[in-house]
Amino acid sequence: MTHHTSHGTGRAASRRRLRTGAALGLALCATVAAGCSSTGGAPESSDEGSGAGTADTPRATIAMITHEVPGDTFWDLIRKGAEAAAAKDNIELRYSADPEAPNQANLVQSAIDSKVDGIAITLAKPDAMAPAVEAATAAGIPVVAFNSGYDSWKDQGVQQYFGQDETIAGEAAGARLTTDGAKKTLCIIQEQGQVALESRCAGVTKGFTGGSTEILNVNSKDMPSVEATITAKLQQDPSIDHIVALGAPIALTAVQSKANAGSDATVVTFDTNSALVDAIKSGDVAWAIDQQPYLQGYLAVDSLWLYLNNGNTIGGGTPVLTGPAFIDSSNIDAIADYAQNGTR
């Protein structure tokens, strides 16, 4: 279980005060410039990942509660985006995570009990999280979802959602595999029962019309076993010519497994980190689907600030899509500088 608080302490005297005027207007302009760019990355001139000043709005506390698996660097990008928005918006950000849904739900209840002003949550296992979300909304705490829960957020009474349609992303990956000439693909799910991951592989299976897709379940909490399982599968079935990973650490492990097995399979993936960017540059990974995690974290916090201070919501009741987009050798150089900064 992970807990993290950024940018000091303090609470707003008035939790949901609506404020207008020049200060909010300037901060809104900064939000558009820094948070909603087409790349989702941060201005190079800023050490914090955002060039904006601090909003002159009441201090507020936001809890961000995710299903992060310890060691998965994807979540570093989420947190950097959230921390950049918190610094700009005069927010105390309390980050916590647990990959087990009952424990994640308990973290939500703890946030409710501490009377936070807003909650940003991932819904990787939405049925298990539903009672906690209901308790938060019943307590009058606005809740937004991001990254996971595309198909369930609205039914749970969540205000806004920031992420990608994982089925569409999977179908796009499948279509590209067909174009690439793949014949036998292996789609690796690193957390069984996680709806976003299962939707990705279901989309790959639907979108890939050039051959067959097989699903392989592994446990990302035990990366040595992941490497061994993928290696054994490639040794068992040399007809596998493409490996579809659903996260950068799994993709990088698949590269090693491929070498272990003496396989010629091409590795592709969803999601990135700085090491994955280097792997695309070197050709070890052919391409990645990017959902812009930095932007997801940024918008989750910033949207709650907008709601608390001006009653705004984003998306008009529909999801705000941050992906999918392909990163490959044709555009990797444009991403690499942001990856070095830890924001892509």
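Using a probe of 1.4 Å, the accessible surface attributed to Ile215 totals some 70 Å² when neighbouring protein chains are kept in position.
Taking every alpha-carbon pair in the chain and binning the separations at 20 Å intervals from zero gives 32, 55, 12, 0 percent. When the square roots of the Cα gyration tensor eigenvalues are ordered a ≥ b ≥ c, the ratio a/c for segment 217-289 is 1.5 or more and a/b does not exceed b/c, which makes its shape oblate.
For Arg59, the residues whose amide H sits under 5 Å from its own are Ala13, ignoring neighbours fewer than 5 places away on the same chain, with H placed 1.01 Å from N. Element breakdown for the chain at a 1.4 angstrom probe: carbon and sulfur atoms account for 50% of the accessible area. Close amide H partners of Leu216, meaning residues 5 or more places away or on another chain with modelled amide H under 5 Å apart, are Cys187, Ile188, Ile189.
Based on DSSP H segments of at least four residues, each scored -39500 (n - 2.57), the chain has a per-residue ellipticity at 222 nm of -13500 deg cm²/dmol.
For segment 174-263, what's the relative contact order in percent, using C-alpha pairs closer than 8 Å and at least 6 residues apart?
35 percent
Computed from backbone phi with θ = phi - 60° and the Karplus coefficients 6.51, -1.76 and 1.60, the 3J(HN,Hα) list for segment 108-114 is 4, 4, 4, 5, 4, 4, 7 Hz; x is used for glycine and proline. The slack in the chain from Asp113 to Ala139, taken as 0.36 nm per residue of separation less the alpha-carbon distance, amounts to 8.4 nm. Between the amide H of Ile243 and those of Leu186, Thr266, Val267, Val268, distances stay under 5 Å, these residues lying 5 or more places away or on another chain, with hydrogens modeled in the peptide plane.
Between segment 143-159 and segment 227-282, the C-alpha centres lie 31 angstrom from each other. Protein-only accessible surface at a 1.4 angstrom probe places the residues Met129, Met1, Met223 in the order Met1, Met223, Met129, largest first. What separates the Cα centres of segment 82-125 and segment 308-342 is a distance of 21 Å. Most mobile of Leu295, Leu93, Leu306 per a Gaussian network model of the chain (Cα springs, under 10 Å)? It is Leu306.
Evaluated over segment 140-250, the count of Lys pairs having alpha-carbon atoms less than 29 Å apart is 9 (only pairs 8 or more residues apart or interchain).
For segment 130-187, the solvent-accessible area works out to 34 Å² per residue, with a probe of 1.4 Å and every protein chain left in place.
Sorting Leu299, Leu321 by accessible area (1.4 Å probe), largest first, what list results? Could you put the intermediate results ahead of the total?
Working: Leu299 15, Leu321 100 Å².
Descending order: Leu321, Leu299.
The values are calculated or read from the model by the stated rules, or taken from the named source; none is laboratory data. Bear in mind that the values here come from a model prediction, so they are computed numbers and not experimental data. Remember, those area values only see protein heavy atoms, side chains included, never the ligands or the DNA or RNA. Shrake-Rupley method; radii C 1.70, N 1.55, O 1.52, S 1.80 Å.
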